[in-house]
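Working notes, beginning with the structure itself.
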Number of protein chains: 2
Amino acid sequence: MNDSPRASAALGAGSPGATQSDLARELGVSRTLVSLALRDQPGVSADMRARILATAQRRGYRRNGLAADLATRRRTAVGLHLLDARNDIYSTVLRGVQEVVTDAQQRLVLAVDTAPGHPDPRAVDALVEANVGVIISTALTGSKDDAVALNARSPLVALFRHIAGVDSVYPDDAAGTRLALEHLLGLGHRRIAHLTGPAVTGYTTRRDTYVSVMTERGLTPEVIVSDGYSREVAAAAAADLMARPAALRPTAVMTHNDELAFAVREAAFAHGLAVPRDLSVVGYDNSRTAGLTGVELTTVDVDAPAMSHAAARAALRRVAFPAAPCVDQRFEPSLRLRSSTAAPV
Amino acid sequence: MNDSPRASAALGAGSPGATQSDLARELGVSRTLVSLALRDQPGVSADMRARILATAQRRGYRRNGLAADLATRRRTAVGLHLLDARNDIYSTVLRGVQEVVTDAQQRLVLAVDTAPGHPDPRAVDALVEANVGVIISTALTGSKDDAVALNARSPLVALFRHIAGVDSVYPDDAAGTRLALEHLLGLGHRRIAHLTGPAVTGYTTRRDTYVSVMTERGLTPEVIVSDGYSREVAAAAAADLMARPAALRPTAVMTHNDELAFAVREAAFAHGLAVPRDLSVVGYDNSRTAGLTGVELTTVDVDAPAMSHAAARAALRRVAFPAAPCVDQRFEPSLRLRSSTAAPV
DNA sequence: CTGAAAGCGCTTACAG
DNA sequence: CTGAAAGCGCTTACAG
């Protein structure tokens, strides 16, 4: 019952929140002194500092980080703007960002856009109202001008997208797409479709590159658009594709992300098609699920953990040095070969 | 270039942040009036209100929610304390909570405990310093006393765990475990092992029930402990189990969550065992991954989306009515039969 | 080394 | 309907 320091401290602390004023009053010193001591700033005698710290400890003092930010006129919290947390890749992002931000003892405020393709200004607004000093966004689906304008008001880190004039951490999507496509072409596929999300600005490199590569090779590109980026939403578009007669069906599908690839797989199975025998599927992201036995999705690995760490560090840097030059960090993707692809029969 | 209202608004807004004082000065009125008008409070003439709103709009005024909270001495933000965001189930929780919190126009502050089993007080402290009004925690791995003490300082909503005296939203784990076990027993399994996470207080109902049920039936329970709850960390324990000679190996494994079940599957495959022919596996959570073709994990469905919504509503209620009676919401799990279980050979 | 004053952006009584 | 004053919990010059 008494073996847990946290429990006893909490119990001893009594009701909510002693403030610096409370401590100052109890010790008969000024609030300034308390503030200085608590932050380990110079200008306090060792003796006084020790007394203040001890009292703070005993009273269970907890600093109000928000009030401190307000007084400082600094905004130190990091905002994270996610597209749809159900995608595996965003869990990875969340974890990566959280690790770095927590290490730096900073706050992480979250906003999730639930309607991808129709970016919700409320999500970003909420972050701005929460007074964050920087926003890491994986959901910059607007124009570059929009992003640059937003960046001018509230610093931005674009994750997974490159925007000149804004801190950007992103994969080389042209290279990644080529990798995937060349793999399929090398296998002998010619009817290769591309399943992508809603036609939002930004994040179009994968699609554009797909079209270019196909055209270069004298092949006909076919872009299928899903209403969203989650496997649930994409189910309809995938089902339509699989319902075609064999002659009109692609022999391979490359998707904008792994979630869409899962939708294609499920649709294929539902139509009695085997993967990769009747259909090759290659995803994009190398999410954790892609590697499970029984799934084994060939996919483009963008090293999401590394990119998330980089984005978080860029965010922290931006908060610390508002005038620092823009970060422009491009990651080279690699192809992760698994068993969802094979030569067409 | 000019078709986006957001872009033009942002561009027109100029540099960071007009405050209420700025608006008041520009209009030659008091700050009180501006504050009232902006919050749509009574006591402002329609005319004045319109002028204030228009100016706010034009200047790109953005309310500082933190300063408002400070002035009000109210804490309205919701803190979410997660165990390890990589588990599918936590993505679902995050999404569910976010939906409800966003609808209520509230802030969501996040903390993730990366070292489950060794709960990190920093994570909760960070939330408290962020001045949240309530913390939804899926990671209450301490004693009930600890939780009750914490609750006294900063309101808590226990998600996935029942703690008397604290708002709790949780599955009936005894029933869920029985469902899973009876399914395996009905299939004819007798050597059934249970894979669980680190021996932390809390979240022990599944394990305890497993032991009870096995004992009731005159069978020998065998609890295997993994160092953590993620598939990566559990790989070692799962590999040990699968490396046993067939006679000592269980014919079925029931796990504390789906992540651990995935670890068991992979270990089984790595040892040349087929699921369910050589080994039946039943998970717990019905995460999204469990339903993928090729995975098809039999698992206990706890309806995580519904529980997350309930937890978020409980949190909002607690912020609005600090003295409200405790929520105690128990969900009945159901068994989701898929193809990872079969009769032993 | 210590303290009194002013202010961050907001809201809440209290007067007029 | 409108405004002057005080305060939320903190920090930052500025004096002594």
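Taking the criterion of being of a type in the set (Asp, Glu) and within 18 Å of residue A:183 (Cβ to Cβ), the only residue of the range A:195-221 that qualifies is A:216. For the range B:277-288, the set of residues classified as in a loop (DSSP other than H, G, I, E, B) and either open to solvent by 30 Å² or more (accessible area, probe 1.4 Å) or over 21 Å from residue B:176 (Cα atoms) (or both) consists of B:277, B:278, B:286, listed by residue number.
Of everything listed in (1) open to solvent by less than 20 Å² (accessible area, probe 1.4 Å); (2) at pLDDT 95 or above, the single unmet condition for residue A:178 is (1). Test residue A:202 against the stated conditions and say whether it is out of contact with any Leu (no Cβ under 9 Å at 6 or more places or on another chain) and of a type outside the set (A, V, I, L, M, F, W, C). No, not satisfied. If the condition is being modelled with pLDDT of 90 or more, surrounded by 16 or more Cβ atoms within 10 Å (Cβ to Cβ) and either assigned to a helix (DSSP H, G or I) or away from DNA strand C (no atom under 12 Å from the Cβ) (or both), then the range B:9-28 contributes B:20, B:22, B:23, B:24, B:27. Being within 13 Å of DNA strand D (Cβ to nearest atom), open to solvent by 70 Å² or more (accessible area, probe 1.4 Å), under 27 Å from residue A:109 (Cβ atoms) and outside any helix (DSSP H, G or I) is the filter here; which residues of the range B:41-77 pass it? If the condition is that a residue be within 13 Å of DNA strand D (Cβ to nearest atom), open to solvent by 70 Å² or more (accessible area, probe 1.4 Å), under 27 Å from residue A:109 (Cβ atoms) and outside any helix (DSSP H, G or I), then B:41, B:73, B:74, B:75 are the ones that fit. When residue B:253 is tested against the conditions (1) surrounded by 20 or more Cβ atoms within 10 Å (Cβ to Cβ); (2) assigned to a helix (DSSP H, G or I); (3) away from chain A (no Cβ under 14 Å), the lone failure is (2). Condition check: without any contact (Cβ under 8 Å) to a residue 12 or more places away in the chain, in contact with a Leu (Cβ under 9 Å, 6 or more places away or on another chain), small (Gly, Ala, Ser) and within 29 Å of residue B:239 (Cα to Cα). Does residue B:283 satisfy that? Against the criterion (without any contact (Cβ under 8 Å) to a residue 12 or more places away in the chain, in contact with a Leu (Cβ under 9 Å, 6 or more places away or on another chain), small (Gly, Ala, Ser) and within 29 Å of residue B:239 (Cα to Cα)), residue B:283 does not qualify. If a residue has to be in a helix (DSSP H, G or I) and within 11 Å of another protein chain (Cβ to nearest Cβ) to count, how many in the range B:262-276 make the cut? Residues flagged as in a helix (DSSP H, G or I) and within 11 Å of another protein chain (Cβ to nearest Cβ) within the range B:262-276 amount to 8. Residue A:110 fulfils the conditions (1) in a helix (DSSP H, G or I); (2) at the interface with chain B (Cβ under 7 Å from one of its Cβ atoms) except for a single criterion, (1). Does at least one position in the range B:325-338 carry a residue that is within 30 Å of residue B:246 (Cβ to Cβ), part of a strand (DSSP E or B) and free of Cβ contacts under 8 Å to residues at least 60 places away in the same chain? Yes, some residue in the range B:325-338 is within 30 Å of residue B:246 (Cβ to Cβ), part of a strand (DSSP E or B) and free of Cβ contacts under 8 Å to residues at least 60 places away in the same chain.
The set of residues from the range A:62-105 being more than 9 Å from chain B (Cβ to nearest Cβ) and among the hydroxyl-bearing types (Ser, Thr, Tyr) comprises A:72, A:76. Quick check, is residue B:293 open to solvent by 20 Å² or more (accessible area, probe 1.4 Å), of a type in the set (S, T, N, Q) and without any contact (Cβ under 8 Å) to a residue 40 or more places away in the chain? Spelling it out, residue B:293 is indeed open to solvent by 20 Å² or more (accessible area, probe 1.4 Å), of a type in the set (S, T, N, Q) and without any contact (Cβ under 8 Å) to a residue 40 or more places away in the chain.
Pairs linking a residue in the range B:28-39 that is touching a residue at least 12 places away in the same chain (Cβ under 8 Å) to a residue that is within 6 Å of DNA strand C (Cβ to nearest atom), with Cβ atoms under 6 Å and 6 or more positions apart or on different chains, are B:34/B:20; B:35/B:20. Only residues that are open to solvent by less than 40 Å² (accessible area, probe 1.4 Å), among the β-branched types (Val, Ile, Thr) and either within 18 Å of residue B:204 (Cβ to Cβ) or more than 14 Å from the chain's Cα centre (by Cα) (or both) were counted in the range B:135-168, giving 4.
For residues in the range B:201-218 being of a type in the set (Val, Ile, Thr) and not in a loop (DSSP other than H, G, I, E, B), which is most open to solvent (accessible area, probe 1.4 Å)? Among them, the one singled out is B:215. Taking (1) under 23 Å from residue A:230 (Cβ atoms); (2) surrounded by 18 or more Cβ atoms within 10 Å (Cβ to Cβ) in turn, residue A:198 satisfies each apart from (2).
Among the residues of the range A:152-162, is any within 14 Å of chain B (Cβ to nearest Cβ), in a helix (DSSP H, G or I) and under 24 Å from residue B:99 (Cα atoms)?
Scanning the range A:152-162 turns up no residue that is within 14 Å of chain B (Cβ to nearest Cβ), in a helix (DSSP H, G or I) and under 24 Å from residue B:99 (Cα atoms).
The values are calculated or read from the model by the stated rules, or taken from the named source; none is laboratory data. Note that the structure is a prediction, hence the values are computed from the model and not measured. FYI the Cβ positions are ideal-geometry reconstructions off the backbone, even for glycines, and counts take in every protein chain you see. Accessible surface areas use protein heavy atoms only, side chains included; no ligands, DNA or RNA. Shrake-Rupley method; radii C 1.70, N 1.55, O 1.52, S 1.80 Å.
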